[in-house]
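One structure is given below, encoded as structure tokens.
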Amino acid sequence: MAHPDLSPEQRGWFESAAALIDIDTLYRLNREITAIHSPTGRERAASEYMTRYLAEIGVEARYQPMGEMSGNAIGRICGSGGGPSLLLYAPIDTHLDATEDDVPWVGRRLRADMIPQVREQDGLLIGLGASNPKAMVATLAEAVRAVRAAKVPLKGDLLVAYAGGGMPVDLAPPGNRGLSDGVSHLLTRGVHTDYALVMKPGNAVYHEEAGLCWFKVSVKGTLGYAGMPHGLPRFRSSIVPAAKVILEIDDWLPRYTERNSSGQVSPQGWISTLRSGWPDRVAFPSATTEIYLDIRCNPRTPPAEVKAQFEQALDEIRARHPEIELDLEMTASLPGASTDPESWIVQSAIRAWEQIEGKPHPVPPRTSGQTDISMIRNLGIPTARTGWVSTPEKTPDEYRQGLGGMGVSFPPDLVATCRKLVYSIVDTCTRTRQEVGCLRKA
């Protein structure tokens with residue numbers, strides 16, 4: 001179908017709403033939500049804060065609990081009827097607990113960008129998740145505030161939602177939280193729209209996202225004792241053979257990426273965790289060494305196919321090292337997903353990008369990040385991803401090392417993306433369902 005540009009009347013609504021975007025409001029909201037700790041499984045305080053904020057700006061808002069310590073925030077501006085509904089979405093949980101138990105795994109210490117306290121430096125907001133996800137949370141709220149304040153005559157409902165459990169973690173103590181369980185709860189309990197628009201890092205529009213597969217490779221040996229001489233036939237180390245397996249897997253992973261890259265996705269894989277024996281029983285070498293890894297999957301490579309490819313790689317490792325005994329278990333899987341690039345919401349997001357950036361939208365670099373967007377798409381909502389350069393130019397070198405806390409935000413950088421969101425809201429929700437192609441033949 002054709003994708004028309006804004007009419008003069010719609011352009012007027014867009015300009016009126018975009019003019020109301022306020023940097024001071026973005027600073028305040030980004031600052032306040034960053035100061036509220038919301039690790040995966042404990043997002044209640046942050047979601048309740050956003051529920052109150054949405055109500056304060058005149059949006060119908062409610063908190064959706066997911067147990068005692070976790071829940072989602074949902075806001076809605078009701079349209080006059082006959083138009084498509086649109087969901088603006090961002091996760092609200094952070095990837096670190098920010099306790100001393102995180103050291104040394106995060107590095108030698110918890111840096112300022114890994115702590116849920118806000119430090120202001122040269123216009124930057126520094127604190128755990130200040131950029132991802134808290135800057136995204138603030139930007140979506142500001143787009144909704146501007147549209148409502150401008151009294152844009154929406155035909156379709158505009159929803160904004162923030163869910164917990166979005167990080168790629170599987171935390172047993174709070175009830176196996178993570179792996180997009182928050183957005184799944186959201187969408188399977190009444191929040192379902194014609195389209196969705198999600199803000200994530202990266203100044204481009206994407207119509208597809210990677211999924212993930214988690215594996216545990218167990219290398220087998222026998223329980224030993226440090227007083228035994230090397231070379232005894234009745235003792236087989238699991239740790240030394242595991243080192244060989246690690247190097248073999250690490251050599252295979254780039255070939256997996258090359259084989260499975262297509263479209264907008266270049267799926268990566270990393271060995272992330274090792275486990276063997278008891279730190280308080282060092283005299284007894286372990287009979288098992290476990291290797292944990294995350295292998296991302298292209299939307300066109302389902303998790304079962306990823307597992308089959310990995311099993312083939314392990315068979316080849318066994319053939320080269322017949323003395324090594326190992327087995328494989330898939331511990332988690334979330335398939336990737338795509339939206340038709342000609343879908344209304346994808347094309348609207350591209351038009352918005354080109355309008356604000358003043359140039360044609362380029363072919364974006366391939367990605368490998370797993371996000372809640374795949375769950376949204378797999379649950380049937382056509383979805384576009386848009387975003388911004390999430391590491392500000394003046395970020396100190398200290399906070400550029402590794403992933404860190406995704407915790408440096410410069411709110412003026414969010415304005416352009418906020419304008420893009422407003423454009424797509426006007427472009428979508430002020431039209432009829434027929435205009436955007438929602439009315440399909442049975």
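The values are calculated or read from the model by the stated rules, or taken from the named source; none is laboratory data. Given the structure is predicted, the values throughout are model-derived calculations rather than measurements. For neighbour counting, all protein chains shown are included, and Cβ atoms are generated from backbone atoms with ideal geometry for every residue, glycine included. What goes into the accessible areas is simple: the full protein's heavy atoms, side chains included, and nothing from ligands, DNA or RNA. Shrake-Rupley method; radii C 1.70, N 1.55, O 1.52, S 1.80 Å.
Just a yes or no: is a residue in segment 99-110 of a type in the set (Ser, Thr, Tyr) and open to solvent by less than 10 Å² (accessible area, probe 1.4 Å)? Checked against the condition, which is being of a type in the set (Ser, Thr, Tyr) and open to solvent by less than 10 Å² (accessible area, probe 1.4 Å), segment 99-110 yields no hits at all.
Given Thr51, Thr94, which one is at negative phi, touching a Leu at 6+ places or on another chain (Cβ under 9 Å) and surrounded by 15 or more Cβ atoms within 10 Å (Cβ to Cβ)? Full working, then the answer.
Numbers: Thr51 fails: touching a Leu at 6+ places or on another chain (Cβ under 9 Å).
Answer to the check: Thr94.
Give the residues of segment 290-314 that are in a loop (DSSP other than H, G, I, E, B) and surrounded by fewer than 19 Cβ atoms within 10 Å (Cβ to Cβ), sorted by residue number. Once the filter is applied, which keeps residues that are in a loop (DSSP other than H, G, I, E, B) and surrounded by fewer than 19 Cβ atoms within 10 Å (Cβ to Cβ), segment 290-314 yields Arg300, Pro302. Gly263 fulfils the conditions (1) on the phi < 0 side of the Ramachandran plot; (2) touching a residue at least 24 places away in the same chain (Cβ under 8 Å); (3) not aliphatic (A, V, I, L, M) except for a single criterion, (1). Listed by first and then second residue, the pairs with beta-carbon distance under 7 Å, at least 6 apart or on different chains, first residue in segment 1-29 and closer than 14 Å to Thr428 by Cα, second among the polar types (S, T, N, Q), are His3/Gln347; Gln10/Thr430; Trp13/Thr430. Scanning segment 167-191 for residues that are open to solvent by less than 10 Å² (accessible area, probe 1.4 Å) and within 14 Å of the chain's Cα centre (by Cα) returns Gly178, Ser180, Gly182, Val183.
Across segment 218-260, the qualifying residues are those that are β-branched (Val, Ile, Thr), touching a Pro at 6+ places or on another chain (Cβ under 9 Å) and part of a helix (DSSP H, G or I), and the one among them that is surrounded by the most Cβ atoms within 10 Å (Cβ to Cβ) is Thr257. Under the condition of being among the hydroxyl-bearing types (Ser, Thr, Tyr) and in contact with a helix residue (DSSP H, G or I) (Cβ under 7 Å, 6 or more places away or on another chain), which residue from segment 356-389 is nearest to Glu208 (Cα to Cα)? Ranking the qualifying residues of segment 356-389, first place goes to Thr383. Among all residues of segment 59-70, there is at least one that is more than 22 Å from Arg31 (Cβ to Cβ), at pLDDT below 95, open to solvent by less than 10 Å² (accessible area, probe 1.4 Å) and out of contact with any His (no Cβ under 6 Å at 6 or more places or on another chain). Selection of segment 97-125 for residues being under 20 Å from the mean Cα position of the chain (by Cα) and on the phi < 0 side of the Ramachandran plot yields Asp97, Val106, Asp113, Met114, Ile115, Pro116. Being open to solvent by less than 60 Å² (accessible area, probe 1.4 Å), touching a residue at least 12 places away in the same chain (Cβ under 8 Å), at negative phi and not hydrophobic (A, V, I, L, M, F, W, C) is true of Ser276. Consider segment 333-355 and keep the residues that are surrounded by fewer than 19 Cβ atoms within 10 Å (Cβ to Cβ) and in contact with a helix residue (DSSP H, G or I) (Cβ under 9 Å, 6 or more places away or on another chain). The one that is farthest from Thr386 (Cα to Cα) is Ser333.
The C-beta contact set for segment 280-298 (first residue on the phi > 0 side of the Ramachandran plot, second residue modelled with pLDDT of 95 or more, distance under 6 angstrom, 6+ apart or interchain) is empty.
Please determine whether any residue of segment 364-374 is open to solvent by 70 Å² or more (accessible area, probe 1.4 Å) and not acidic (Asp, Glu).
Initial filter on segment 364-374 (open to solvent by 70 Å² or more (accessible area, probe 1.4 Å)): 365-366.
Checking the rest, the ones that are also not acidic (Asp, Glu) come to 365-366.
Yes; the residues of segment 364-374 include at least one that is open to solvent by 70 Å² or more (accessible area, probe 1.4 Å) and not acidic (Asp, Glu).
Looking only at residues that are among the aliphatic types (A, V, I, L, M) and over 26 Å from the mean Cα position of the chain (by Cα) in segment 401-442, which one is nearest to Ser348 (Cα to Cα)? Lay out the reasoning, then the answer.
As a first pass, look at segment 401-442 and keep what is among the aliphatic types (A, V, I, L, M): 403, 406, 408, 414-416, 421-422, 425-426, 436, 439, 442.
Subset that is over 26 Å from the mean Cα position of the chain (by Cα): 436, 439, 442.
Working: Val436: 10, Leu439: 18, Ala442: 25 Å.
Looking at residues that are among the aliphatic types (A, V, I, L, M) and over 26 Å from the mean Cα position of the chain (by Cα), I get Val436.
Scanning segment 268-284 for residues that are under 30 Å from Gln370 (Cβ atoms) and among the aliphatic types (A, V, I, L, M) yields Ile271, Leu274.
Ile271: under 20 Å from the mean Cα position of the chain (by Cα), more than 30 Å from Val363 (Cβ to Cβ) and surrounded by fewer than 20 Cβ atoms within 10 Å (Cβ to Cβ), yes or no? Break it down stepwise before answering.
Details: under 20 Å from the mean Cα position of the chain (by Cα): yes; more than 30 Å from Val363 (Cβ to Cβ): yes; surrounded by fewer than 20 Cβ atoms within 10 Å (Cβ to Cβ): yes.
Yes, satisfied.
The combined condition, being touching a residue at least 60 places away in the same chain (Cβ under 8 Å), open to solvent by less than 50 Å² (accessible area, probe 1.4 Å), assigned to a helix (DSSP H, G or I) and among the β-branched types (Val, Ile, Thr), is fulfilled by Ile317.
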